[in-house]
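Engineer: Would you mind keeping the following structure in view while I ask a few things?
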Amino acid sequence: MATEKRSLETEPGIEKTETDAGICPENQYSGNSGNEIVRFENLTREFNGKRAVDGINLSVREGEFFGFLGPNGAGKSTTINMAVGLLRPTSGRIRIFDKDPYEEPLKVKASIGVVPEEPSLYERLTGLEALTFSGRIYGLDPGTVKGRARDLLRWLELEEAAGTLIVDYSRGMKRKLSLGSALIHRPRLLFLDEPFTGIDPIALKNIKEVLKKMVAEGMTIFFSSHIMELVERLCTRIAILHRGQLFAVGTLTEMRQSLGLPESATLEDVFIRTVGETAHDGKASWLTS
Ligand SMILES: Nc1ncnc2c1ncn2[C@@H]1O[C@H](COP(=O)(O)OP(=O)(O)OP(=O)(O)O)[C@@H](O)[C@H]1O
Ligand SMILES: [Mg+2]
C-alpha cells in the first residue's frame, strides 16, 4: 500500500514527514532547551532492496532521555547501528555532535557509549579485563581505569565475578558488563538498544536510578526498549517507529493529545493506537480455539 507523505516544517533545515496513518503533530518537537546533538535527515537503510529505515528525520537535544520505540522489525536497531558508526546508511545524513560518524569516526566514538542489542564482548577476558580494555581504548590513564572499573563492578554487582571469564557469565551479567564498558569513559551521549533484557529487578532499579541521575547531570540517553512502563517513567520525549518510518515524536502528553486519548492513557495505549491494535487479530486462531 502506498503511503502519502506530507511535510511538517517545524525545525529549520529538517523536513519532517508523516504517513497518512501517522500522528506527528506540529508541536511534537518541544525539547528545545539543550543543544541538538543527534540529527537524522532523511535517514534510509535498505537491505536487499527493502527499506528497513525509510527516510527518518529526527533530532535529539542534550539532556534528553529519549525513548525510541517500535514493534519488532521496525528499524530501531538499524537506526542505532547507523548512528553509532556500525552500519552505513544507504542515503541520508547523520550528525552526532554536529559530526558525521563515518567521516570523523574517532571523534564521534570518543564521546558516545553504546550498549548494542547483542552484547559484543571478548568472552575470553574476565569482567575486570574487559572494562580495563574499554577504558584504555577510550584513552583513559591506567590509574583512572582501575578506579572506574572497580566502581563499575561494585555498582553492577559484578565484584565477585571480576576475575571470571565472560564466557562463564550469565546473560544478565553480560548485559551489565556491556553497560559498564559503555560508561567507563563517561560519554556525553549513550545509546541503549534493549539494554535491560535479563537484568534482575533489584539491579534494574539501581541502574535506572544512576541513569536518571546521569541525565540530570547533562548526559543524553537514546533508549530503545519494549518495556513501556520503563520508557514512560524514564523518558522525557519519545519516538515511535513503524515499518521504518516515524509515526510519532513528542512527549507522552503531546501524543495523548494528538490521538484524542485521555490523560489516564498509558504509553502502551498510545503505542498500540499508533502502530495498529488490530495487527495480530485473527492470526493463528488455532492456538486458542
Ligand atoms: N543485516 C541485515 N540483513 C538483512 N535484513 C536486515 C538486517 N538487519 C536488519 N534487517 C531487517 O531490517 C528490518 C529492521 O530490523 P531491526 O533489527 O532494525 O528492527 P528492530 O526495530 O530493532 O526490531 P526488534 O524490536 O525485534 O529488535 C527487519 O525487517 C530486519 O529483518
Ligand atoms: Mg532491535
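Just so it is clear, none of the values below were taken in a lab; they were calculated from the coordinates. Small disclaimer: the values here were computed from a predicted structure and weren't measured. Quick reminder, even Gly has a Cβ in these numbers, built from the backbone with ideal geometry, and neighbours come from all protein chains shown.
Engineer: State whether one or more residues within region 45-52 are part of a strand (DSSP E or B), more than 10 Å from ligand 1 (Cβ to nearest atom), surrounded by fewer than 22 Cβ atoms within 10 Å (Cβ to Cβ) and touching a residue at least 12 places away in the same chain (Cβ under 8 Å).
Structural biologist: No - not one qualifying residue is present in region 45-52.
Engineer: Out of region 87-129, which residues are surrounded by 14 or more Cβ atoms within 10 Å (Cβ to Cβ), part of a loop (DSSP other than H, G, I, E, B) and within 16 Å of ligand 2 (Cβ to nearest atom)?
Structural biologist: Leu87, Pro116, Glu117, Pro119, listed by residue number.
Engineer: Suppose we keep only residues that are surrounded by fewer than 18 Cβ atoms within 10 Å (Cβ to Cβ) and of a type in the set (A, V, I, L, M, F, W, C) within region 163-208. Which one would you say is farthest from Gly75 (Cα to Cα)?
Structural biologist: Per the criteria, the residue is Leu165.
Engineer: Mind checking whether some residue in region 164-178 is touching a helix residue (DSSP H, G or I) at 6+ places or on another chain (Cβ under 8 Å), in a helix (DSSP H, G or I) and of a type in the set (Val, Ile, Thr)?
Structural biologist: Yes: one or more hits.
Engineer: Still on this model: Search region 65-87 for residues that are within 13 Å of Glu117 (Cβ to Cβ) and pair each with any residue that is within 11 Å of ligand 2 (Cβ to nearest atom) and among the β-branched types (Val, Ile, Thr) when their beta-carbon atoms are under 7 Å apart and the residues are at least 6 apart or on different chains.
Structural biologist: Leu87/Thr78
Engineer: Sticking with this structure for a sec: State the number of residues belonging to region 210-238 that are out of contact with any helix residue (DSSP H, G or I) (no Cβ under 9 Å at 6 or more places or on another chain) and within 16 Å of ligand 2 (Cβ to nearest atom).
Structural biologist: 2
Engineer: Given the options Lys208, Lys176, Lys213, name the one that is closer than 25 Å to Gly85 by Cβ and without any contact (Cβ under 8 Å) to a residue 60 or more places away in the chain.
Structural biologist: Of the residues listed, the single one that is closer than 25 Å to Gly85 by Cβ and without any contact (Cβ under 8 Å) to a residue 60 or more places away in the chain is Lys176.
Engineer: Consider Pro187 carefully, then state whether it is assigned to a loop (DSSP other than H, G, I, E, B) and away from ligand 1 (no atom under 16 Å from the Cβ).
Structural biologist: Yes, satisfied.
Engineer: Within region 69-86, how many residues turn out to be more than 14 Å from Phe47 (Cβ to Cβ), crowded, with 23+ Cβ neighbours inside 10 Å and more than 9 Å from ligand 2 (Cβ to nearest atom)?
Structural biologist: 2
Engineer: What residue, among those in region 217-256 that are out of contact with any Asp or Glu (no Cβ under 9 Å at 6 or more places or on another chain) and closer than 20 Å to Thr78 by Cα, is farthest from ligand 1 (Cβ to nearest atom)?
Structural biologist: Among those residues, the one meeting the criterion is Val249.
Engineer: Does region 228-273 hold any residues that are among the charged types (D, E, K, R) and farther than 20 Å from Leu192 by Cβ, and which are they?
Structural biologist: Answer for region 228-273, where residues must be among the charged types (D, E, K, R) and farther than 20 Å from Leu192 by Cβ: Arg243, Glu254, Arg256, Glu263, Asp269, Arg273.
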